[in-house]
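Data block below; observations after.
The values are calculated or read from the model by the stated rules, or taken from the named source; none is laboratory data. Here the structure is a predicted model, which means the values were calculated and not measured. Here the Cβ positions follow ideal geometry from the backbone for every residue, glycine too, while neighbour counts run over all protein chains shown. These accessible areas exclude ligands, DNA and RNA; they are computed on the full protein's heavy atoms, side chains included. Shrake-Rupley method; radii C 1.70, N 1.55, O 1.52, S 1.80 Å.
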Amino acid sequence: MIYLGIDTSNSPSAIALMSDDTVLIEEITNLKINHSLTAMPAIEEMMKKAKVAPKDLTHIAVAEGPGSYTGVRIGLTIAKTLAWSLKLPLHMVSSLKVLAANGQYFDGLICPVMDARRGTAFTALYDGKTLELVIEDQHSHFKEFLIKAKALGKPVLFTGIDVSIHEETIREVLGSQAFFTAPQNRLPRAVNLIMLAKEVPAADIHHAVPEYQRITEAEANYIKSQEGQSS
């Protein structure tokens, strides 16, 4: 079986090809680039290097969010298009769980972090050994989330490229309970995405939608305008 994994849910992009449990090729880019212009050419170039034709693919794996609205949509659109056109199963995995896999086997909890501005973050808590959810994926005020994490009384490993943005707050709230992955282990790994995708059933391609975990700014503004009219 040959899996193609795609994660463009945040500013880094991660793409990989795996044949069964063998990594054929993986590319991680942590640059401020437009995924809509670069993701598909990167996939095509990777497949060319690995000498994998579209007909050789057997599964498509994609990070479903949360993260950047645009990035999540781009990755899922590419994945759905490939899965539909090639008649392949589509497997969707939480973008936060993909990050959490960077710290798997940690003796405690793993907290993936994606900054969402204004003191908020996309985050969750996963069991360090099993990667089972302890606190579900969410968009929340990060300091309040950290207080909940501290109350569990376990070591917490933080990962994700945005950890540095919140490091001061993390240390303030959790103190000696806080641990951090090395900087090189904070990027999303498409090989982790693929391994996780093997554990989830295929999604209904036509009904597969992103997991944003919050409404868009346009939706929020519309709701405010409607509330203003009704008051």
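If you keep only loop residues by DSSP, which trypsin sites (Lys or Arg not before Pro) in segment 38-120 have at most 12 other Cβ atoms within 10 Å of their Cβ? Please report the intermediate quantities before stating the final value.
Details: sites: 48, 49, 51, 55, 73, 80, 87, 97, 117, 118; in loops: 51, 87, 117, 118.
Passing both the DSSP loop test and the Cβ count: 51, 87, 117, 118.
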If the elastic network links every pair of Cα atoms under 10 Å, which of 138, 184, 213 fluctuates the most in the Gaussian network model of the chain? 184
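Which of the peptides 197-207, 99-109 is most tightly packed, and how do the rest follow, judged by the mean count of other Cβ atoms within 10 Å per residue? Could you put the intermediate results ahead of the total?
Values: 197-207: 12.7, 99-109: 20.5.
Most protected by this proxy first, the peptides run 99-109, 197-207.
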Mean accessible surface per residue for segment 124-221, computed with a 1.4 Å probe while every protein chain stays in place, in Å²: 55 Å²
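Which entries in 129/150; 32/80; 55/198 show an alpha-carbon gap greater than 22 Å? Don't skip to the end; give the middle numbers.
Details: 129/150 19 Å; 32/80 24 Å; 55/198 20 Å.
Checking Cα-Cα distances, 32/80 exceed 22 Å.
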Determine the share of the chain's accessible area contributed by carbon and sulfur atoms, expressed in whole percent, with a 1.4 angstrom probe. 53 percent
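Note down the net charge around residue 66, summing +1 for each Lys or Arg and -1 for each Asp or Glu among other residues with Cβ under 10 Å from its Cβ.
Numbers: positive: 214; negative: 64, 137, 211.
Its environment carries a net charge of -2.
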Tell me the label-point distance for the pair residue 81, residue 31, using the 7 Å Cα-to-Cβ offset, in nm and rounded to one decimal. 2.1 nm
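Which loop GluC sites (Glu not before Pro) in segment 99-148, with loop taken from DSSP, have no more than 16 other Cβ atoms within 10 angstrom of their Cβ?
Answer in residue order: 132.
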Environment charge at residue 15 (Cβ cut-off 10 Å; Lys +1, Arg +1, Asp -1, Glu -1): -4
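At 10 °C and 1.306 mPa s, what whole-number value in µm²/s does Stokes-Einstein give for the translational diffusion of the chain, with Rh from the Kirkwood sum over Cα pairs?
Numbers: Rh = 18.2 Å.
Reported coefficient: 87 µm²/s.
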